Each structure stands twice: as C-alpha cells, then as structure tokens.
Amino acid sequence: MRTELTINGATHALEADARTTLLDALRDHLGLTGSKKGCDHGQCGACTVIVNGRRINACLTLACMHDGDEIVTIEGLGTAEAPSEMQRAFVAHDGYQCGYCTPGQICSATAMLDEVAQGWPSHVSDDLTGEMDLSDAEISERMSGNLCRCAAYPNIVDAIRATARKEAAE
Amino acid sequence: MNKHLKMDRPATERFLDETAQNVLGTPMDRPDGPAKAAGQATYAHEWQIEGLCHGVLVRATIPAGRVARIDADAVTGRDGVLRVISDPRMLRVPAQGGANEAPDQGPDEVAYLGQPIALVVAETFEAARDGALALPVEYDPADFTVDPDAVEPEVPKKKQASQGDLEAAMREAAHSVDVTYTTPGHNSAAMEPHAAIAVWNGDDLLLRGSYQMLKYNRNELADAVGIDPAHVRILSPYVGGGFGSKLGITHEAVAAALASKELGRPVSVTLSRQQVFETTMRRSETRQRFRLACDAEGRMTAVGHEVLVSQLPGQQFSEPVTQATPFAYAGPNRVIGHRIARVNRTCAGSVRAPGEAVGITAMENAMDELAEAAGIDPVQFRILNIPEKDPTSGKPFSSHTLERALREGAERFGWSERRAPGQRREGDWLIGMGMASAIRVNILAEAKARVTLEPDGRVLVETDMTDIGTGTYSILTQVASETLGVSTDRVRVRLGDTDLPPGPGSGGSWGAASSGSAVYLAARAVRDRIAEAMGADEVTLKDGHAIAGNRRVDLAGLFDGPVTAEGHVEPGKTMKETRQSSFGAYFCEVAVNAVTGETRVRRMHGTFAAGRILNAKTASSQCLGGMTFGIGMALTEELLHDPRDGHIVNRDLAEYHLPVNADVPQIDVVLLEERDDYASPIQAKGIGELGICGAAGAVTNAIYNACGVRVRDYPATLDKVLAVLPD
C-alpha cells in the first residue's frame, strides 16, 4: 500500500506491504539504515526515532500509520561531517563502542532533553510539577529504554550531561 | 623489506617509548566515531543491493529427532515466497571460535529445540517471516536429555589435575571452606543480531556479514558451502558487538550463501533476537565446588576447584572454568576437576571471557569466605597469597600487577571505610562493600598487517582484523601514527575484509596486542626505508617529517611511489616459558533493601593493568563494559531452560535482563602504567575481557557485607536475598 512519509523534512512515497514496520520501511525501503534493528520487539531502543517531537520505537509501529507525520531519524540530526552537539558529545565522551545502539541512544537523548525542558517528570523525580533538575539519576532513568551491551552507560550519561549544560549556557 | 618477529625473546627494546609523536596511549576519540554517531557506519544487513531478497530461518519445535517432511509447496508461491531451502550443508550449530572448518551440518538432524532446519526466501521480509511461521514440518522425535544434573557426566582425563594431597591439607588446615557455587547460562546479546547478505558472481561468493574472526570465517564458510576458500570474500567493516557470539560462522551465513546460489539473486538473512538466543552460543551454566584452606597466618595450603558444565553431544568445546585456577593463588596442594554433562540444549561456546568470567567470579566469592574464616581483611588475604611463580607449572610470571592493583584500587575506593557485615544502614537500605581480583590469561596470536606510506605522506593500514567496538580502528591508527611520526588524521585504517592480510580476529583479548604488533612491525619496516632514503642509520619521525643529522624532510614527496611493508608477528618461546596474565581489582558498594531484598550497585571501581595501554579511552571503555557485564551476571542475567524440553524460555531482551542505564553507576576505571616485555613487541597485553573476570564476585561479596546473606546461586535476585535476610 502507498504511504506518504515526511522524513527529515523530505517527502517519501512508500509503496510497501501493510505489515511493514516504520523501521523496516526506513531501513529496507528508503535506504535510511541509521536506525537499527536490535530486537524488533520494542525491547532495546536501537530503532528510536522522533515522530512529531516524541521518541518512539520504530519497530513497534507500522509505516502506514504515519501518513503525514513528521519523522526525524539519526540522519536528520546531523552527519559525520556536520554533527549535532549530542552526536559530537557521544564521540568525545566515548558514549558507544560497537556503535549499533548509538543512533537510537542519540535520538532518544535528543528527545529526552526536550521532555525535561517541558517539565515532564520521571520515576526518580522528587517533584512532579516543579522545574526538572537534570541529575545523573534522571538521565539514567530516562535513558533506560535504550540498551547498550557494550555498556557505555556512564559515558552516555557524561555525553548527555555535557550537551545539556552546553545548551543551557547558550 | 617485510618484518617478521617470532616472540622468542622479551622485547626489552621499548622502541615506542622513544618515538616522538606522543600519541600512543592517549585518549584519542575513535576515528570511526563520527560515522557511528551519525548512523553512517554500514553494518551487515545494511548494504543497499539491487534485487535483494529476504530469508527467514525456520526453527525446530522438538528438542531431538529427525525432520521427516517439510511441505515446501504449502508456502512456495504464496505472497512472494520464492523458495524453501532445506539443504544438508546448512549448519546445525555455529562454528566454535577458531574452528577453521565447517561445524556440524545437516539441519534435518535436530539436536536442540530452536535449531534452524530450513530457510524461507521471499521478495520481502514480511512474506518470508510469514512463510517461515506457516511452513508445515513433520518430525520423527527421538529420546533426549536436557537436565545436566540428571545425566552421568563425562570426565575427560586431560582436564583433571592434582598435586600434593588436597584432602590431607583440608583436614590439617587452620581454616578451610568447602563450598559450591552455581552460575546460570548467559547469552552474549550483542546489540546487532547476526546478519549476512550473500551475492555470487559466477563461482565467487561475496558475503557481507557480522563476524569477529574473518581469517577463520572464510575457511568455515567455504568448507560448509563446499568451495575453495579462494572463491570466498567476507566483508565485516563494522560489527555491532560480538562478545564471542560471532567468533565462528553462524547459520545465516551458510543459509544466505546457499539460497543466493540456488536463486541466482542476492539474499539477506538476519537472525531474529529470539533466534540469537536459541541458536547462537550460550555460556554453559556451571556448578563449582571449592575446597580452599589456609594456615593460622592465612597462607593458603589447598586450592580445589571442581566443576560441572554442559554441552551438546559431540561438541569439543567446554567452558574452561578453571583456566586461571592453576596460577591465581598460592598453595602446594591442588585439585582441578572438570566434568561435562551432555544435554540437548543450545550449543555452548564462547561468551565474553570463557572460563574466568565465571571461574574467577566464584573463586573470588570462595576467597571472601576463606578470608572471613581466617579473620583477615579480604584485600590483605589476597596479597598474602599472591604466588611468587606459577604454583602449578613453576614458570615465572611475565609480570604480576595484582598487588599493585589491589593496593591502589583499595586506596582510591576508600576500602578502609568498610565495616563488618550488616553494620551500615541508611533508612531501608543496608550498605556494604565488596572486592574481588581480576585475572585473565594473556595470549599473543599470529597476526599480519600491511602499512603503506603514500607519496603524499599519508599512511594506510590494512588487515582483515575486525573492530567489534573494541577500538581496533583507534589503536591501529595510533600505533602507525606513533611509529611513523605522522599525525593521526593522516592515517587511514581499513579493516574487516578477507582480501587484506590476515589478523587474529577479535576474541580472547588478543586483538590489540597481536594486530597492534603486526602494524608496528610493518611500520618499522617502512621506517627503515625512510632512514635509508635519508642516508642515515637512525631518524626521528614527527609530524610528517623525517629528521636526521641537521636535515628535516617532509615525508610527502620523499618517495616517488607508495612504500609498502607487511608486518608479521607470531607467538614464540616467551609465551611457553612464562605465565602471562593481566590483572586488576574490583571494589563495589551496594545497597540492599531490607524490606524487598533488592540490590542496587551504588559505586564500583576497577583498577587494571594490561601492559602498555594503546588508547586510554577505548581501554577504559572496555573495562567499563566488562564490569557492567559483571553487574548483569551478579544481579539479573540468567538463561532459563524449560525442564521438559530444554528450550530457552527467556529468549528475548524483555525476559533476559541485561543491565540498563539505571542499573549502572558512574563506574570509575583506573589503568596502571605497565610494560610487559614478554607479552608482545609493543609490551601490550589483552584488556578486552579483563573487566568481567571476577567483577560479579565483587558485587555479591558486597551484598554479603551489606546484609550477611551469602548468595551462592547466581544471580543474586531479590527472592534469594530476601529468603535469608536477617530481621
């Protein structure tokens, strides 16, 4: 079936099986392989993309459900030559090793900082309505949907903390 | 002008301490980082190939027997299904690390539940998946055994050892422990599932896959398919984690190759996450009995370590649990026992640090128990029992850094604040500290690499070696940069292509020291050519210039054409004549909830020594990763087998619990300065697995210190803690 997807600002006409997940549409049909498939069941977070401003697991949703949605993938955040602040920080802090979960981590972290800016509380927040203090515990909690078997977690926290501080200073 | 070195003598000329570029060992960012962070690094499944069709493997639903009939017609042609492949050359199990030949083939003979038995190929992934689920299969079931405790185990003669009189030493000792620990099965669970895309060009097979040891993988694949290895090329420039599970060729490679040949089209096969659990290597569960004894002063007199592991019938590999036991601690009376239960469970093989990951972990628990029995601080107790030389073989150690790591780690962590068990409480949380030694055997493996100095002064490094997250791109860049005095941005490293000189592959922690040495030797050969061109015996190379006498010459333009050399390193007498190991020490602080029994790791510290560190950042990350594996092993990771048919019940990432970000504190890693002249020409040892070899023991020892509960059955889930938690 035909679906019109808006990805990283560009419109793509997708002609695919109705069972095609958004993740498989990106990877197998549109050549956007930056989003990774680690489990295909919403358990690892490697496929995290940002849809209408919110981070979601692209493997848990069908492509045909996203007609007209604004989708941002890792390719839309920056490139190797012109990376985003978050991408730059992941490299500087070694917030990855094999690199397979990394695009999902970075998409997740990018959207997560927006959630904090909008005052969304998490399981570890002391105050559900006040201003969010981005402690390491908050970062870890909010990033726990993204598995990293190489286990760069401490470095991922460092990268996100550094990015948040840099953005706050600007 | 190639350079070959067999490691027959210690490398006392520490050339890389005299070079001028000063980049080796620095925490340089990974050169592969920007592409990985931007999603531009191409992993196995991601090559855009015209006409690609998709294959999905079909799993056996019985634990043992024969496939009697596959009704291919029931799915072929429906919904774009092109073919059902059930070829006797398909694999029954993956190849073990370094096998260099095809593993057991013939998928119609079922050895465990979940074994791949056929491949359904279709125009789309969706159709292939549907076809694989719908494929009717009939079986002739056979008898089977799945419980390792219910069979009479094999006792391989070569794996038993004893010296002195352990029983007498136990009887006469001032203090002794006789305790049994069990560890469950583990899965590597690399984030990238195993994947391969096969394309044939006439008789030539090109396979893009995700493998750790290409030199062997090429021969394994060729042998399985039945062609000459010269007709096989494998590309694995990026590997999304391996941890042992991609050491040998796996089902998808052979299935993709056979299907592609049969259909005359490129075919992609990726294991689902469930298939990764069911059909790639598991670490065997272990039962480990320790008999340890010491005299009144705490000097050990007995070390007994007897283990039971499991494996499929006919498989040679068995988890080498006691690998480091012969030399870990002193004591004249020793016994090592190794038994193997043959069961119809998923094939057992290498999962990060086979042997020490579980063997040293449980040993460090038993040591904690003996230290307590003797009334000696656990750090002091270990220092007291560091052997002068290998107590089993009598060989000298190439270097021994355990005492330094223990002392410096204890100081840095604040070990002196530790109290007796159950003495520290914060609200509902009981706080405790634990420690463990890190011990991992060191191996140098044969490796080749090619280094080319281009006429414009740039440097190209080439080998089939892989970077599975380990930092190979980084460290080989740094070795070449340092040896040739060229800035790192002018060095390019090409990896993961069987057309390139063969490296040792990523496994057993040998990659960095072995491939690093091969690159070093090749670069030394190029250096010799530069000196020759300068008409000097010795040159200083720095920032792309050669300096000799009072001349400073730009390397760009020094030669008219490229200057190429191959480096070749082989292990030699130094490995046979010395006992080589890397060492470290873990310290951990946990909080155990007095109401629920839940354990949280609050602080963790590791001090490690592994010879010359080639990149402080990537080496540190390897240790972080290993220690996190240790946290998982201590608290959550456990393969659960159905007692009725042996199948892995928790075969996905929602049920098999890897540590997540919130489970891991800001772990502190310290790397000690060391040179091991016996280990490699660049004085480096392995570090990739060191961080897991004992780490879980520090966590569980901390649980004991927090609440007085000694969990001897891993993992220390809250039910086990709660059941014996004091009021």
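Quick notes on this one:
- Failed item, numbered, when B:Ala72 is tested on (1) in contact (Cβ under 8 Å) with a residue 40 or more places away in the chain; (2) within 30 Å of B:Val526 (Cβ to Cβ); (3) away from chain A (no Cβ under 14 Å): (2)
- Residues located in the range A:89-119, provided they are of a type in the set (D, E, K, R) and either without any contact (Cβ under 8 Å) to a residue 24 or more places away in the chain or at the interface with chain B (Cβ under 7 Å from one of its Cβ atoms) (or both): A:Asp94
- Counted residues, the range B:397-424 - those being over 17 Å from B:Met300 (Cβ atoms) and either more than 26 Å from the chain's Cα centre (by Cα) or free of Cβ contacts under 8 Å to residues at least 40 places away in the same chain (or both): 17
- Reported count of residues in the range B:61-90, each being outside any loop (DSSP other than H, G, I, E, B), in contact with an Asp or Glu (Cβ under 7 Å, 6 or more places away or on another chain) and modelled with pLDDT of 95 or more, is 8.
- The residue of the range B:463-494 that is farthest from the other protein chains (Cβ to nearest Cβ), among those that are acidic (Asp, Glu) and over 11 Å from B:Leu614 (Cβ atoms), is B:Asp464.
- Hits in the range A:123-150 - residues which are facing chain B (nearest Cβ under 9 Å), touching a helix residue (DSSP H, G or I) at 6+ places or on another chain (Cβ under 6 Å) and without any contact (Cβ under 8 Å) to a residue 40 or more places away in the chain: A:His123, A:Val124, A:Asp136, A:Ile139, A:Ser140, A:Glu141, A:Arg142, A:Met143, A:Ser144
- Residues of the range A:71-106 classified as surrounded by fewer than 22 Cβ atoms within 10 Å (Cβ to Cβ), under 14 Å from the mean Cα position of the chain (by Cα) and part of a loop (DSSP other than H, G, I, E, B), total: 2
- So B:Glu674, is it surrounded by fewer than 24 Cβ atoms within 10 Å (Cβ to Cβ) and assigned by TED's automatic domain parsing to the domain that holds B:Met433: yes
- Hits in the range A:15-58 - residues which are in contact with a Cys (Cβ under 8 Å, 6 or more places away or on another chain), assigned to a strand (DSSP E or B) and either closer than 20 Å to B:Gln275 by Cβ or away from chain B (no Cβ under 11 Å) (or both): A:Thr21, A:Thr48, A:Ile50, A:Arg55, A:Asn57
- Scanning the range B:151-163 for residues that are among the acidic types (Asp, Glu), touching a residue at least 60 places away in the same chain (Cβ under 8 Å) and away from every other protein chain (no Cβ under 14 Å) turns up at least one hit.
- Restricted to the range B:631-664, and to residues there that are within 11 Å of chain A (Cβ to nearest Cβ) and small (Gly, Ala, Ser), the residue that is nearest to B:Asn701 (Cα to Cα) is B:Gly632.
- Residue selected from the range B:188-206 under the condition surrounded by 15 or more Cβ atoms within 10 Å (Cβ to Cβ) and part of a strand (DSSP E or B), by the criterion nearest to the other protein chains (Cβ to nearest Cβ): B:Ala195
- Among the residues of the range B:165-184, those identified as buried (at least 18 other Cβ atoms within 10 Å of the Cβ) and hydroxyl-bearing (Ser, Thr, Tyr) are B:Ser176, B:Tyr181, B:Thr183.
- Within the range B:539-562, considering residues that are within 19 Å of B:Val479 (Cα to Cα) and among the charged types (D, E, K, R), the one surrounded by the most Cβ atoms within 10 Å (Cβ to Cβ): B:Lys542
- No other residue among B:Gly209, B:Gly241 is within 14 Å of chain A (Cβ to nearest Cβ) and crowded, with 24+ Cβ neighbours inside 10 Å apart from B:Gly241.
- Test set (1) under 28 Å from B:Glu403 (Cβ atoms); (2) crowded, with 24+ Cβ neighbours inside 10 Å - B:Cys707 fails condition number: (1)
- Any chance A:Thr61 is of a type in the set (S, T, N, Q) and in the same structural domain as A:Gly42 (by TED's automatic domain parsing): yes
- Any pair with Cβ under 9 angstrom, 6 or more apart, that starts in the range B:1-20 at a residue that is among the aromatic types (Phe, Trp, Tyr) and ends at one that is not in a strand (DSSP E or B): B:Phe15/B:Thr483; B:Phe15/B:Tyr520; B:Phe15/B:Arg524; B:Phe15/B:Pro681; B:Phe15/B:Ile682
- Complete set of residues in the range B:603-638 that are surrounded by fewer than 22 Cβ atoms within 10 Å (Cβ to Cβ) and either under 19 Å from the mean Cα position of the chain (by Cα) or of a type in the set (Gly, Ala, Ser) (or both): B:Ala616, B:Lys617, B:Glu638
- Selected residue [among the aliphatic types (A, V, I, L, M), closer than 30 Å to B:Leu639 by Cα and either surrounded by 19 or more Cβ atoms within 10 Å (Cβ to Cβ) or over 25 Å from the mean Cα position of the chain (by Cα) (or both)] from B:Val335, B:Val379: B:Val335
- Output for the range B:665-681, where each listed residue is facing chain A (nearest Cβ under 8 Å) and of a type outside the set (A, V, I, L, M): B:Pro665, B:Gln666
- Search result, residues across the range B:570-599 that are in contact (Cβ under 8 Å) with a residue 12 or more places away in the chain, over 30 Å from B:Val669 (Cα atoms) and under 26 Å from the mean Cα position of the chain (by Cα): B:Glu570, B:Gly572, B:Lys573, B:Glu577
- Among the residues of the range B:35-52, just one is loosely packed, with under 15 Cβ neighbours inside 10 Å and at the interface with chain A (Cβ under 7 Å from one of its Cβ atoms), namely B:Gln48.
- Of the residues examined, B:Val491 is not one that is within 27 Å of the chain's Cα centre (by Cα), under 26 Å from A:Thr102 (Cβ atoms) and at pLDDT 95 or above.
- A:Val116 being closer than 15 Å to B:Ala41 by Cα, among the hydrophobic types (A, V, I, L, M, F, W, C) and over 9 Å from the mean Cα position of the chain (by Cα): no
- Pairs where the first residue, in the range B:294-311, is closer than 19 Å to B:Phe381 by Cα and in contact (Cβ under 8 Å) with a residue 60 or more places away in the chain and the second is β-branched (Val, Ile, Thr) and assigned to a strand (DSSP E or B), C-beta under 7 Å, 6+ apart: B:Cys294/B:Thr301; B:Asp295/B:Thr301; B:Gly304/B:Val335
- Filter result for A:Ala159 (at the interface with chain B (Cβ under 7 Å from one of its Cβ atoms), surrounded by 24 or more Cβ atoms within 10 Å (Cβ to Cβ) and aliphatic (A, V, I, L, M)): no
The values are calculated or read from the model by the stated rules, or taken from the named source; none is laboratory data. These numbers were taken from a predicted model, which means no experiment stands behind them. Note: ideal-geometry Cβ built from the backbone for every residue, glycine included; neighbour counts use all protein chains shown.
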